[in-house]
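There's a structure below that I have some questions on.
Derivation of every value follows stated rules applied to the coordinates shown; laboratory data play no part. None of the values given here were measured: they were computed from a predicted structure. Note that each Cβ is placed from the backbone with ideal geometry, even for glycine, and that neighbours are counted across all protein chains shown.
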C-alpha cells in the first residue's frame with residue numbers, strides 16, 4: 001500500500017490537487033461558495049456581501065481572496081474549482097471564461113487554444129519543466 | 001434472468017447539455033460533437049434497454065463538502081434534475097428501478113463493497129447529460145425511455161476510489177444483476193472525462209494521445225486500464241481527468257472480451273475532450 005501522506009502529485013505544475021488537507025483548510029470557503037447555488041443566498045450576498053460572508057467562519061485571507069475574486073488564490077487557500085465556479089457564476093462568469101482568467105490569458109486566446117486541441121501535455125507534466133521557461 | 005448486454009462510456013460536459021437545451025447543436029462549434037452520437041442514438045433504439053445503471057459523479061449538488069460518500073447508490077423511486085445555480089435542466093424527472101436497485105445494494109454490500117444508500121437524491125448534469133446525448137432531445141414533459149439506477153462516485157475530493165476498486169465493483173454489480181430473477185436488458189454507463197483540467201494555471205490541458213490509448217484499453221485491455229494509478233490520471237489527463245475511473249466500473253461489469261460497436265472522440269467541448277465508446281457483451 002502507498003503511504004497516504006505521500007503526495008506524488010505535488011510536482012504537477014499549475015495544479016492544486018484537492019486532497020484531504022486542502023479540503024480541511026477550505027471547508028468553510030467551499031461551503032460559502034456552494035451556498036450560492038440557491039437564489040435566496042445569492043440575493044443575500046448581493047444585499048450585503050460582508051454580512052453574508054460573516055455567516056461562514058472563513059479565514060481573513062479567504063475572505064480577502066473572495067473580495068478580490070483572486071481565483072487562483074482561492075484554490076491555494078483550499079477552494080475547489082467546482083465550488084469557486086459558483087462564485088464565478090454569481091458574477092456572470094462562465095466556466096470557460098473562468099479558466100481563461102486562471103491561466104492569465106484573454107477569453108479569445110483561451111477559446112482559440114481549446115479549438116486548436118487544448119493545452120498540450122508536452123512541457124506541462126512537471127514543475128521542473130515550467131521552471132526552465 | 002437479468003443480464004448486462006452492453007456498456008457505454010461517455011463524457012458528461014455540462015455545456016453539451018446547455019447546447020441541447022438551447023437548440024444550438026447544429027452550430028459549427030457543436031456539430032462535430034453531436035455527429036458522433038447519431039449512430040449511438042440509432043443503436044439505443046435498436047437495443048432498447050429495460051434499465052440503465054449509470055455511473056457518474058455529483059458536482060457538489062447532492063453532496064457538498066459536508067458529506068462525501070465514495071460510492072452512493074440511488075435507490076429512490078425518482079430523481080429530480082437539480083438546480084445547479086441557473087435553474088434545473090429542462091429534462092424529465094429520472095425514474096429509478098427500486099426493486100433492482102435494492103437487490104444490487106444488498107448483493108454488493110454482502111460482496112464487501114460498502115455502498116451508501118440514497119433514498120432521496122437530486123441529480124445534476126453528470127447524470128442527465130449522458131442520457132440526453134444517448135437518447136436525443138427529451139422535453140421536460142416527456143419521459144426518459146427507461147428507468148435509471150444512479151451510482152454517484154466521489155471524484156471531487158482526492159483520492160477518488162482506485163481504478164482497480166472501481167473495476168472490481170463493476171464485477172460485483174455484474175454478479176448482482178446476473179442473480180436478479182426478472183428478465184431484464186440492463187445497460188451500464190460509465191461517464192465523465194476524458195482529459196480535462198478546469199482549474200489553476202494548467203487549465204485547458206488536453207492529452208488526445210492518452211485518451212485514445214484509454215479508449216483502446218476499454219475495448220481490448222481492461223486489465224491494463226485497471227492498473228492506471230491516480231497520479232498518472234492527474235499528471236497526464238488533467239486534475240479532472242481522474243473522472244475516467246468511473247469508466248472502469250462500467251468495464252468491470254462487462255465480459256473480458258467485448259465487441260466495440262462505436263467510438264467517437266472530439267476536442268473540444270468547452271474545456272474538455274469528449275470521448276465515447278459502445279461495447280457489447282456476448283454472454
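If each residue's Cβ is checked for other Cβ atoms within 10 Å, how do B:265, A:9 rank with the fewest at the top?
On the way: B:265 16, A:9 19.
Arranged by neighbour count, lowest to highest, B:265, A:9 become B:265, A:9.
Give me the one-decimal nm value for the distance between modelled label points at residue A:50 and residue B:31, 7 Å along each residue's Cα-to-Cβ direction.
Reported label-point gap for residue A:50 and residue B:31 is 5.5 nm.
Hey, could you pull the Cα Rg and Dmax for segment A:1-126, both in Å?
Gyration radius and largest Cα-Cα distance of segment A:1-126: 16.2, 51 Å.
Grab the beta carbon distance between residue B:120 and residue A:133, set R0 = 56 Å, and tell me the FRET efficiency rounded to 0.05. The partial results should precede the final answer.
On the way: r = 50 Å, r/R0 = 0.90.
Working from the Cβ atoms, E equals 0.65.
May I pose another question? In Å³ and rounded to a whole number, note down the convex hull volume per residue for the Cα atoms of segment B:3-281. Please report the intermediate quantities before stating the final value.
Numbers: hull volume 33.3 nm³, N = 279.
Output value, Cα hull per residue: 119 Å³.
Evaluate the relative contact order of chain B (contact order divided by residue number), counting alpha-carbon pairs under 8 angstrom at least 6 apart; express in whole percent.
On the way: 634 pairs, mean separation 88.7, N = 283.
Contact order relative to length: 31 percent.
Also: Starting from the coordinates of the alpha-carbon atoms of segment A:94-133, obtain the Kirkwood hydrodynamic radius over all distinct pairs and give the value in Å to one decimal.
11.1 Å
Still on this structure, I have one more. Label points 7 Å out from Cα along the Cβ direction at residue B:259 and residue A:109: separation in nm?
Each label point is offset 7 Å from its Cα along the Cβ direction, giving 5.1 nm.
For chain B, with a Gaussian network of springs between Cα atoms less than 10 Å apart, report the residue from B:198, B:73, B:248 with the top mean-square fluctuation.
B:198
Starting from the alpha-carbon convex hull of the protein assembly as shown, give the projected area averaged over all orientations, in nm². Spell out each step's value before the answer.
Numbers: hull surface 77.9 nm².
Orientation-averaged projected area of the Cα hull: 19.5 nm².
Let me ask something additional. When every alpha-carbon pair in segment B:40-148 is counted, what percent end up more than 16 Å apart?
Values: 3564 of 5886 pairs.
Roughly 61 percent, once rounded to a whole number.
Further question on the same structure: Quick check: pseudo-label points 7 Å beyond the Cα along Cα→Cβ at residue A:91 and residue B:282, how many nm apart are they?
Spacing of the two 7 Å Cα→Cβ label points: 5.6 nm.
Roughly how many whole Å is it from the C-alpha centroid of segment B:206-228 to that of segment A:1-64?
The two parts, judged by their Cα centres, are 33 Å apart.
Return the calculated 222 nm mean residue ellipticity for chain B, to the nearest 500 deg cm²/dmol, obtained by summing -39500 (n - 2.57) across DSSP H runs with n ≥ 4 and dividing by the residue count.
Numbers: 10 runs with 95 residues, N = 283.
Taking each H run of at least 4 residues, the total per residue is -9500 deg cm²/dmol.
Also, quick follow-up: Sort the following peptides by mean Cβ neighbour count (other Cβ atoms within 10 Å, averaged over residues), highest first: B:254-262, B:166-174.
Values: B:254-262: 15.3, B:166-174: 22.6.
Ranked from most to least packed, the peptides come out as B:166-174, B:254-262.
Could you please rank B:280, A:60, B:42, placing first whichever residue has the fewest other Cβ atoms within 10 Å of its Cβ? Please report the intermediate quantities before stating the final value.
Working: B:280 17, A:60 7, B:42 11.
In order of increasing Cβ crowding within 10 Å: A:60, B:42, B:280.
Another question, then. Per residue of chain A, what 222 nm ellipticity follows from adding -39500 (n - 2.57) for every DSSP H run with n ≥ 4, rounded to the nearest 500? Before the final figure, lay out the partial values.
Details: 9 runs with 79 residues, N = 133.
That calculation yields -16500 deg cm²/dmol at 222 nm.
Moving on to the next point. Hey, with R₀ at 56 Å, roughly what FRET efficiency would residue B:175 and residue A:60 work out to, going by the Cβ-Cβ distance, to 0.05? Could you put the intermediate results ahead of the total?
Details: r = 53 Å, r/R0 = 0.95.
For R0 = 56 Å, the calculated efficiency reads 0.60.
If one computes the Cα centroid of segment B:106-145 and of segment B:1-36, what distance in Å separates the two points?
16 Å
For residue B:47 and residue B:182, what is the calculated FRET efficiency with R₀ set at 22 Å and r taken between the beta-carbons, to the nearest 0.05? All intermediate terms of the calculation are to be shown ahead of the outcome.
Working: r = 18 Å, r/R0 = 0.83.
Here the calculated transfer efficiency is 0.75.
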